Amino acid sequence: MRKLIFLIFAGLIWCNIGFAKTFFYSCIHEDQFQMIFKVDDRLKKIIHVSSYNTTAKKKYTVNEEYQVLEWGGDYVWITYTNDDGSRGLSYFDFKENLYLQSTINPSSSLLDYMYQSRSHNCFVSSN
């Protein structure tokens, strides 16, 4: 009986590991600004690894873990704080391959920069 329980338990653990995945998710905005995220489905974590400005040909190493608000089957809501104090709320849609990003900067003196909303097309870049 103990062997049977152990086999069932080991099988459940193995199945859980088999379906959890970690992958890199690349997202690009229409202005050609690219962001790369590391998504860990098992630990429910998203890390903004790097960004690349194709116009200025400049790479930014970020390595910032985002705070997950909600993790659904095909979507994730996250929040973050930028270096300038602005706060953001973002939505990853893994089914439709979209990253929607909204940033609020109450300390900005320019009205155009008080609120920004951006949409990015995304794809899984590696496993």
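The values are calculated or read from the model by the stated rules, or taken from the named source; none is laboratory data. If you're wondering where the values come from, they're calculated on a predicted model, not measured in any experiment. Here Cβ is always computed from backbone atoms with ideal geometry, including for glycine, and neighbour counts include all displayed protein chains.
Output yes when any residue across the range 4-11 is in a loop (DSSP other than H, G, I, E, B), among the hydrophobic types (A, V, I, L, M, F, W, C), exposed (fewer than 12 other Cβ atoms within 10 Å of the Cβ) and at pLDDT below 85, and no when none is.
Within the range 4-11, the first condition is being in a loop (DSSP other than H, G, I, E, B), and the residues that meet it are none.
Scanning the range 4-11, I find no residue that is in a loop (DSSP other than H, G, I, E, B), among the hydrophobic types (A, V, I, L, M, F, W, C), exposed (fewer than 12 other Cβ atoms within 10 Å of the Cβ) and at pLDDT below 85, so the answer is no.
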Of the residues in the range 79-127 that are in a loop (DSSP other than H, G, I, E, B) and surrounded by 13 or more Cβ atoms within 10 Å (Cβ to Cβ), the one that is modelled with the lowest pLDDT is S108
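Return the residues of the range 44-78 that are of a type in the set (G, A, S), closer than 22 Å to K21 by Cα and in a strand (DSSP E or B); say none if nothing qualifies. Please lay out each step first, then the result.
Kept after step one, since they are of a type in the set (G, A, S), are these residues of the range 44-78: 50-51, 56, 72-73.
Next, from what is left, pick out any that are closer than 22 Å to K21 by Cα: 50, 72-73.
Once the filter is applied, which keeps residues that are of a type in the set (G, A, S), closer than 22 Å to K21 by Cα and in a strand (DSSP E or B), the range 44-78 yields only S50.
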Can you find even one residue in the range 102-114 that is of a type in the set (S, T, Y) and closer than 19 Å to S125 by Cα?
no
Report the residue count in the range 64-78 for those that are exposed (fewer than 12 other Cβ atoms within 10 Å of the Cβ) and within 23 Å of D31 (Cβ to Cβ).
0
